[in-house]
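The values are calculated or read from the model by the stated rules, or taken from the named source; none is laboratory data. Not measured: the values here are computed from a predicted model. Don't worry about glycine lacking a Cβ; one is built from the backbone with ideal geometry, like all the others, and counts go over all protein chains shown. Surface areas here come from the heavy atoms of the whole protein model, side chains and all, with no ligands, DNA or RNA. Shrake-Rupley method; radii C 1.70, N 1.55, O 1.52, S 1.80 Å.
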Amino acid sequence: MSENNSEIPSGHEGLLVIGLFLVVFVMGADSFIISPFLPAIARSYQTTVEQAALAVTAYALGYAGGAPFFGPLGDYFDKKRLLASGVSLFLMGSVLCAIAPTLPILLGCRLIAGIGAALTLPNVWATIGTQFKGPRMQWVMGIVMAALSLSIAVGVPLGATVAQLSDWHMAFWASSIVGLVAATVLLLLVPSMPMSNRGPLSYGQRFRELRRQTTVVSTLGITLI
């Protein structure tokens, strides 16, 4: 254990990796798992499938819109608290989706869940970078990144399987249960990770730098194409 209490006991590393894997998997799968349920959601709210499909869009907007703003926060706040806040938002959004009485409320709750994912995932990568070093960090990063790929591959088939066994509410209850298990593991094992040395850049400057780098990458991509 280090003097700043920023490391975990080696015996707990496996459980931490499992917790990180589950968090990334459930937040990735949440983007796709409800797709097979869209006709059932439309019938439940007496609306069209096209309108029900906005539930997928709302989650994506919450994540895509929030990630650029939440990414730099790890330089200013305890990463463990940010991780806990993000998972809590995601769980709250998922539970509320399961009991949403109307489609607009469902869409709002999906947006909340997406924002929770946007706050959580950058701090998952930051946690890995803080707790693991060298080749071990690369190994753990690869495992946790595999969870994201796996969620894309099995999200829709998993949703279709659940749709055959139960109703659409179960998809959100299942996400909530798996997320709760992962969150419990992380909160028990992840130590406090205070803010790093921020350096001369303010939050606004860091965000502008991130936007500039994103623009450069996009421009390079267009050039290569």
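Suppose we keep only residues that are open to solvent by less than 30 Å² (accessible area, probe 1.4 Å) and not β-branched (Val, Ile, Thr) within region 127-150. Which one would you say is nearest to GLY179 (Cα to Cα)? The qualifying residue nearest to GLY179 (Cα to Cα) is ALA147.
Scanning region 185-215 for residues that are part of a loop (DSSP other than H, G, I, E, B) and of a type in the set (A, V, I, L, M), which turns out modelled with the highest pLDDT? Only one residue tops the list, namely VAL190. Looking across region 164-184, just one residue is surrounded by fewer than 20 Cβ atoms within 10 Å (Cβ to Cβ), assigned to a loop (DSSP other than H, G, I, E, B) and either touching a residue at least 12 places away in the same chain (Cβ under 8 Å) or aromatic (Phe, Trp, Tyr) (or both), and that is ASP167. Would you be able to say whether some residue in region 156-174 is hydroxyl-bearing (Ser, Thr, Tyr) and modelled with pLDDT of 85 or more? No, region 156-174 contains no residue that is hydroxyl-bearing (Ser, Thr, Tyr) and modelled with pLDDT of 85 or more.
For every residue, the table says whether it meets (1) open to solvent by 50 Å² or more (accessible area, probe 1.4 Å); (2) modelled with pLDDT of 90 or more; (3) part of a helix (DSSP H, G or I); (4) aromatic (Phe, Trp, Tyr).
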position	(1), (2), (3), (4)
GLN51	yes, yes, yes, no
LYS80	yes, no, yes, no
LEU96	yes, yes, yes, no
LEU111	yes, yes, yes, no
GLY116	no, yes, yes, no
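The residues of region 53-64 that are small (Gly, Ala, Ser) and either open to solvent by less than 40 Å² (accessible area, probe 1.4 Å) or over 26 Å from ILE152 (Cβ atoms) (or both), listed by number, are ALA53, ALA55, ALA58, GLY62.
The set of residues from region 16-49 being in a helix (DSSP H, G or I), under 21 Å from PHE90 (Cβ atoms) and among the polar types (S, T, N, Q) comprises just one member, SER35. For region 115-136, taking the residues that are under 11 Å from the mean Cα position of the chain (by Cα) and of a type in the set (S, T, N, Q), the one that is nearest to TYR59 (Cα to Cα) is identified as THR120.
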